[in-house]
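As C-alpha cells, the structure follows; a few thoughts come after it.
A short reminder: the numbers here are calculations on the coordinates, not readings from a lab. Computed from a prediction, not measured in an experiment: that's the story for all the values here. Here Cβ is always computed from backbone atoms with ideal geometry, including for glycine, and neighbour counts include all displayed protein chains.
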Ligand code: DGL
C-alpha cells in the first residue's frame, strides 16, 4: 500500500513515527504545508480550502489511502477532502475518540482534551465522545505548545510556566487527549505535571489501532520508502524528520 500523510507542517511526523514503528506501509509520501502553518488559528473555510489543495497535490502520487495527521484538518475538512479525492481519507480525530473509548471503561472518566484553537472550537472530540456516552469532558486550547515544541522545548521552566498558565493545579484528569500533532513530544512533561498514570491518547498510536482494525495490513515493511514534500523550505522539514524519526537519510 502506498499512502499519503498530510499535515499543516512538521507535526504530522509524530504520526509517521507510529506508522514506521508498526511497519505497516511500503511507501509513504508526507506533505507538510509549511508555508501556511499554523492552521490552528485559522477559520473553518480557510482550513477546508488548504486541505482541498493538499488533496490536489497528493493526486500526483496515485495513493491508496490518505491519512490526515493534523487534528485541526481532521476536525473540519474530511468530508470536503473526500469529495475531491479518488482514494479513501482517514483522520486522527475519529481514531482518537475510538482509542479513548477502548482504553477507558468508566464512562465517567475525567477526560481533558487539548488542541489548537480551531480544534477545540470545532468540538469534534466532544461530539465523538458524547456519542460513545462519555460525559465528563473538559477541553482547553493550548496552542502555545506548538511553537514551544517547534523550538525543541520539551521540558524546563518555560514549558512549566505554560502548564501553570493553562492548567489549574486542581485539574486531575484520568486521560488527556493529545489533540494536536505536536503534543506527544511533551508527554513526559505532562506526566510530570499531572500524574504519572494519567492516560495519554496519542494520535499516531490511535491511527495505527484504527488502521489495524479497519484495513487488512501486515507488519512487514521494515524499510519503507518515504518521501517528504513541503510547501516551503522542504530541507527544514527533512532535517526535522531525520531527527524525530531517526532516519539516516531523507529524500
Ligand atoms: N498540526 C496541527 C494540529 O494537529 C497543529 C499545528 C497547526 O496549528 O497547524 O492541529
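Brief remarks on what is shown
- Percentage relative contact order, the range 7-124, counting C-alpha pairs under 8 Å, at least six apart: 28 percent
- Residues considered: 217, 178, 24. Largest GNM mean-square fluctuation over the chain, using C-alpha springs under 10 Å, is found at 217.
- Separation between Cα centres of the range 123-194 and the range 56-121, rounded to whole Å: 17 Å
- The range 78-215, relative contact order [Cα under 8 Å, separation at least 6], %: 32 percent
- Extension gain for the segment residue 53 to residue 158, taken as residue separation times 0.36 nm less the Cα-Cα distance, is 34.2 nm to one decimal.
- Cubic angstrom per residue, convex hull over Cα atoms of the range 135-199: 85 Å³
- Computed log₁₀ I(q)/I(0) - Debye formula, equal Cα scatterers, no solvent, the range 68-189, q 0.15, 0.18 Å⁻¹: -0.71, -0.98
- 32 Å tail of the calculated P(r), the chain, as % of Cα pairs: 16 percent
- Global geometry of the range 1-127, whether rounded, prolate or oblate, following the gyration tensor of its Cα atoms and the 1.5 cut on a/c: oblate
- Relative contact order of the chain, pairs being alpha-carbon contacts under 8 Å that are 6 or more residues apart, as %: 29 percent
- Rounded to the nearest 10 degrees, the inclination of helix 44-58 to the longest alpha-carbon principal axis of the chain is 30 degrees.
- Residue exposure sequence - 202, 182, 138 - by fewest surrounding Cβ within 10 Å: 138, 202, 182
- Taking the C-alpha atoms only, the angle from helix 234-244 to the longest principal axis of the chain is near 60 degrees.
- Taking a ≥ b ≥ c as the square roots of the eigenvalues of the Cα gyration tensor, the range 200-251 is classed as prolate, since a/c reaches at least 1.5 and a/b is larger than b/c.
- For 162, 142, 100, order by how many other beta-carbon atoms lie within 10 Å, fewest first: 162, 100, 142
- Hydrodynamic estimate: the Kirkwood radius of the range 159-231 over Cα pairs, inserted into Stokes-Einstein at 20 °C and 1.002 mPa s, corresponds to D of 143 µm²/s.
- Proportion of all alpha-carbon pairs of the range 24-80 beyond 20 Å (%): 23 percent
- As a proxy for reagent exposure, 70, 87, 180 were ordered by neighbouring Cβ count within 10 angstrom, fewest first; the result is 87, 180, 70.
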